[in-house]
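A.B. asks: For reference, the structure I am asking about is given below.
Read-outs: derived from the displayed coordinates by stated rules, not from any lab. Just so it is clear, the structure is predicted and the values come from calculations on it, not from any experiment. FYI the Cβ positions are ideal-geometry reconstructions off the backbone, even for glycines, and counts take in every protein chain you see.
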Amino acid sequence: MSQVTALSLFSGGLDSILATRMVMGLGIRVVAIKFVTPFFDDRLLEDPQAYQDEIQKKYGIDVTLVDLSAIYLDLLHAPQHGFGKNFNPCIDCKILMLRRAREMMATCQASFIITGEVLGQRPMSQRRDTLRVIARDSQVESLLLRPLSARLLPESAAEKAGWVDREQLGDFSGRGRSRQIALARNYGIKEFPAPAGGCILADPILSKRIARIYAGEFVITPAEITLTDIRLLLVGRQFVLPDFPPAGCWLILGRDEQENDRLEGMAEAGDVLLFMPDWPGPTVLIRRAKRVPEEVGQAELLHLAAALVVRYAKKGEIGSDVTVEIRQDGRVSHMPVPAPLSDELRKEWQLL
């Protein structure tokens, strides 16, 4: 008889680690899938192999990264089950991931799906009634096993088929972690993540930036949202200059060298980058600068963006030989260093 395979939704948190190891310990081959979006764990896509090596070394788990970004941006327009306290569609998020996992089962030769959900751990998405809704709406009711709380839940198909022994599964519930930590020690796991939300959509400040776009309260419309827009919203200081047609102009300013490099790497056609190559300071990205007509403000826009660069540059007397470099669509030009932007305008334009 060939070995049974399960597909694990692997968040990288302690519960998903334990759920995966618990089922592996029952002789099941487990394929762990780590879903990522711009709102959680996006940076892992920069070096997937490093993450895979780390998880294998720490926990003995083979994991694959799967990018859900495009479909996730669509989800945020109208999640069926609404949002949590901020802009977090927790129930629809889990349904989306389970649906995608179900689609991957044939490729992974998996017979069932496991998650690290714990009954009663989260007030919105892990109540008993909500767990039923998630399984129903993702169409995985007959496929889903929640190993950590399995003995408190109806018997799953995997248990009925004899692939796993119900008596060797968990009866965890509530928000405490003492039993999970004890189980981790039994598995020889000494290092594991601290409990944390992890999702930017649950952050009270950053989620507001994203919600404004989807509500039509930003310089770009909900229909224009791209993956790059979302990533840019999560970098640096954000500014909106209101007096530029058609709907204002969006600027992002790097706070350190790493963010400056990220902005340079994310610039697309129609964007403009400004910085002082011969003086320490930030890079500013003007998003969709081409939308501002040449005859009604391009020069003024560049002047104000350069003034913002100077405002946040290293203090000191900038020499007369220093210029502001402007990069747009492969073209490079320079302009004299302007006076720093006034604090009044900076405060008026900066987004929280």
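A.B. asks: Return one number: the angle in degrees, 0 to 90 and rounded to the nearest 10, between the long axis of the Cα atoms of helix 257-266 and the longest principal axis of the Cα atoms of the chain.
C.D. replies: Between the helix axis and the principal axis of the chain, the angle is about 90 degrees.
A.B. asks: About the Cα centre, and with charges only on the beta carbon of Lys, Arg (+1) and Asp, Glu (-1), how big is the dipole of the chain? Nearest 20 debye, please.
C.D. replies: Here the size comes out at about 1600 debye.
A.B. asks: Taking the dipole about the Cα centre of the chain, with the C-beta of Lys and Arg at +1 and of Asp and Glu at -1, give me whichever of Met335, Trp250, Asn86 is farthest to the positive side.
C.D. replies: Asn86
A.B. asks: For the pairs Lys58/Lys190; Lys34/Lys58; Lys208/Lys290; Lys85/Lys208; Lys290/Lys314; Lys34/Lys85, note any where the Cα-Cα span goes beyond 18 Å.
C.D. replies: Over 18 Å apart, Cα to Cα: Lys208/Lys290; Lys290/Lys314; Lys34/Lys85.
A.B. asks: With point charges of +1 on the Cβ of Lys and Arg and -1 on the Cβ of Asp and Glu, referenced to the Cα centre of the range 5-186, which listed residue (Val63, Ile114, Asn186) lies farthest in the positive direction of the dipole?
C.D. replies: Of the listed residues, the answer is Asn186.
A.B. asks: For helix 128-137, what angle does its Cα long axis make with the longest principal axis of the chain, in degrees from 0 to 90 and rounded to 10?
C.D. replies: The two axes meet at around 80 degrees.
A.B. asks: Okay, next question. Taking the Cβ of Ile189 as the center, what net charge do the other residues with Cβ under 15 Å away carry, scoring Lys and Arg +1 and Asp and Glu -1?
C.D. replies: Spelling it out: positives minus negatives among the neighbours equals +4.
A.B. asks: I've got another one for you. What whole number of Å gives the distance from the Cα centroid of the range 67-95 to the Cα centroid of the range 46-66?
C.D. replies: If you average the Cα positions of each part, the centres end up 26 Å apart.
A.B. asks: Between the range 157-190 and the range 218-266, what is the separation of their alpha carbon centroids in Å?
C.D. replies: Centre-to-centre distance over Cα atoms comes out at 44 Å.
A.B. asks: So which trypsin sites (Lys or Arg not before Pro) in the range 117-154 end up in coil per DSSP with only 12 or fewer other C-beta atoms within 10 Å?
C.D. replies: For trypsin sites (Lys or Arg not before Pro) across the range 117-154 that sit outside H, G, I, E and B with at most 12 neighbouring Cβ atoms in 10 Å, the list is empty.
A.B. asks: Starting with the highest mean, order 180-190, 283-293 by the number of other Cβ atoms within 10 Å, averaged over the residues of each peptide.
C.D. replies: Highest-to-lowest ranking by the protection proxy: 283-293, 180-190.
A.B. asks: Of the options Gly319, Ile210, Leu304, report the single residue whose Cα projects farthest towards the positive end of the charge dipole of the range 205-349 (beta-carbon charges: Lys, Arg +1; Asp, Glu -1).
C.D. replies: With unit charges placed on the Cβ atoms, the residue in question is Ile210.
A.B. asks: Still on this structure, please answer the following. Within 10 Å of each candidate Cβ there may be at most 10 other Cβ atoms; applying that plus a DSSP loop requirement, which GluC sites (Glu not before Pro) in the range 253-341 survive?
C.D. replies: Glu317
A.B. asks: How much net charge surrounds Glu141 when only the other residues with a Cβ under 15 Å from the Cβ of Glu141 are counted, with Lys and Arg +1 and Asp and Glu -1?
C.D. replies: Result for the neighbourhood of Glu141: +3.
A.B. asks: With N denoting the number of residues in the range 205-349, provide Rg(C-alpha) divided by 2.2 N^0.38 Å, to two decimal places.
C.D. replies: In units of the globular-protein estimate, the range 205-349 measures up at 1.00.
A.B. asks: Which whole-number value in Å³ per residue fits the convex hull of the alpha carbons of the range 1-134?
C.D. replies: Expressed per residue, the convex hull around the Cα atoms of the range 1-134 is 122 Å³.
A.B. asks: Taking the beta-carbon count within 10 Å as an exposure proxy, list Val324, Val235 from fewest neighbours to most.
C.D. replies: Ordered from fewest to most neighbouring Cβ atoms within 10 Å, Val324, Val235 come out as Val235, Val324.
A.B. asks: Given the rule -39500 (n - 2.57) for each run of at least 4 DSSP H residues, summed and divided by the residues of the chain, what is its mean residue ellipticity at 222 nm, to the nearest 500 deg cm²/dmol?
C.D. replies: That calculation yields -10000 deg cm²/dmol at 222 nm.
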